[in-house]
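Accompanying notes for the structure given below.
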């Protein structure tokens with residue numbers, strides 16, 4: 001029986017992660033996806049990915065500091081029906097990264 005990857009919804013994104021063994025200098029690998037069904041235009045999808053990527057880049061220290069000898073694969077799926085402000089995305093990212101750290105430290 002295969003165990004599913006831990007995940008949760010923290011609007012405007014769904015976060016799925018998996019603790020794995022990666023090459024030593026790498027702490028985390030991140031995949032950011034935006035639905036083509038919700039955002040037909042590529043420029044809109046790219047804008048959302050840039051906003052999410054920047055929010056992660058500015059706050060990745062939260063997760064890097066907590067991952068001592070562990071590495072993580074992280075998938076962030078943007079699901080909001082409209083493009084939110086950077087501040088809203090960043091607040092969701094901060095709370096999600098803190099929640100992921102708590103879950104990893106519990107395990």
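Computed from the coordinates by the stated procedures, all read-outs in this text should not be read as laboratory data. Owing to the predicted nature of the structure, the values given are computational and were not obtained by experimental measurement. Every residue, glycine among them, receives a Cβ derived from its backbone with ideal geometry; neighbour counts consider all protein chains shown.
Quick notes on this one:
- Beta bridges per DSSP with both ends in the chain, % antiparallel, nearest 5: 65
- Protection proxy ranking of 37-43, 90-96, 6-12, by the mean of other Cβ atoms within 10 Å over each peptide's residues and highest first, is 90-96, 6-12, 37-43.
- With the simple spin-label model, which puts each label point 7 Å out from Cα in the Cβ direction, the residue 57 to residue 44 separation comes to 2.4 nm.
- Each of the peptides 99-105, 65-71 was scored by the mean count of other Cβ atoms within 10 Å over its residues; in descending order, highest first, they stand as 99-105, 65-71.
- Relative to the longest principal axis of the Cα atoms of the chain, the long axis of helix 86-106 lies at roughly 20 degrees.
- The length gained on full extension between residue 87 and residue 70, counted as 0.36 nm times the residue separation minus their Cα-Cα distance, comes to 3.2 nm.
- Labels on offer are [x] 13.4, 37; [y] 14.0, 41; [z] 20.3, 73, and the one holding Rg and Dmax of the Cα atoms in Å computed from this structure is [y].
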